[in-house]
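The values are calculated or read from the model by the stated rules, or taken from the named source; none is laboratory data. Just so it is clear, the model here is predicted, and its values are computed rather than measured. A quick note on method: Cβ atoms are made from the backbone with ideal geometry, for glycine too, and the neighbour counts reach across all protein chains shown. Just so you know, the surface numbers come from the protein's heavy atoms only, side chains and all, with ligands and any DNA or RNA stripped out. Shrake-Rupley method; radii C 1.70, N 1.55, O 1.52, S 1.80 Å.
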Amino acid sequence: MNTENFNDISEYEKICEAVLFASGDPIELVRLAEVMELGISETERIVENLKERIDREERGIKIVRLEDSYQMCSSEKYAPYIKAALEIKRGAALSQAALETLAVIAYNQPVTKAFADQVRGVDCGGVINTLVERGLVEEAGRLEAPGRPITYRTTENFLRCFSIESLGQLPSVDYDADTEIDNEEEKQMRLI
């Protein structure tokens with residue numbers, strides 16, 4: 001790409017806006033930097049400036065950061081109009097069981113179904129399947145243990161739905177001293 005005519009930083013913002021709009025999906029900062037032929041920190045500054053400008057203008061779109069990626073999406077304020085225009089039926093809210101299971105996964109990931117079962121005290125298989133179908137949870141691999149159980153983690157869609165950039169923004173949870181696990185082997189066995 002010829003960037004000789006891009007003396008103005010706003011031209012990079014326009015490129016960034018066009019790429020994010022056209023993609024629809026999150027794009028990693030590294031990939032944006034490659035496309036614009038800039039360094040990562042300079043690209044991040046450009047994206048953040050664009051994000052702030054769009055927020056300041058209170059437009060119908062916004063740019064969200066999802067860990068090391070960015071995505072353009074519509075503002076929550078206009079969701080009713082978008083749903084009406086696209087005839088989207090309101091999705092069913094998550095049940096209490098789904099929210100509890102999602103919290104177990106989010107705070108302890110990656111976790112096995114057995115771990116979620118143990119924490120909640122009930123079978124979580126159906127709930128986990130629902131969370132996977134809704135794109136809030138995904139398979140993260142298999143545990144190196146007998147039976148090689150599947151582990152689960154949250155997705156970028158989880159971050160987007162809960163309006164957080166990273167898992168570090170989850171509210172802190174105070175654990176009782178009884179629930180602390182010091183031994184690494186015991187942690188692994190509780191995952192089974």
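Heavy atoms of the protein chains alone define the surface here; on that basis region 65-168 has 58 Å² accessible area per residue at 1.4 Å probe size.
Available extension along the chain between Asp68 and Asp174 is 35.4 nm, counting 0.36 nm per residue and deducting the alpha carbon span. In terms of Cα atoms, the Rg and Dmax of region 39-125 work out to 18.7, 49 Å. Quick one: if the Förster radius is 35 Å, what FRET efficiency do Glu58 and Glu144 give, using the C-beta to C-beta distance and rounding to 0.05? With R0 = 35 Å, the Cβ-Cβ based efficiency is 0.10. Around the amide H of Ser69, modelled in the peptide plane, lie the amide H atoms of Leu29, all under 5 Å away and 5 or more residues distant in sequence or on another chain. Stretching Gln96 away from Val35 to a fully extended chain increases their span by 17.6 nm, per 0.36 nm per residue minus the current alpha-carbon distance.
Here is the tail figure for region 127-166: Cα pairs spaced more than 12 Å apart come to 60 percent of all pairs. Taken about its Cα centre, region 15-152 carries a charge dipole of roughly 540 debye when the Cβ of each Lys and Arg holds +1 and the Cβ of each Asp and Glu holds -1. In this view, the solvent-accessible surface of Arg134, computed with a 1.4 Å probe and all protein chains in place, comes to about 100 Å².
Only one residue of Thr112, Leu50, Pro146 has its Cα farthest out toward the positive end of the dipole of region 47-169, where Lys and Arg carry +1 and Asp and Glu -1 on Cβ, and that residue is Leu50.
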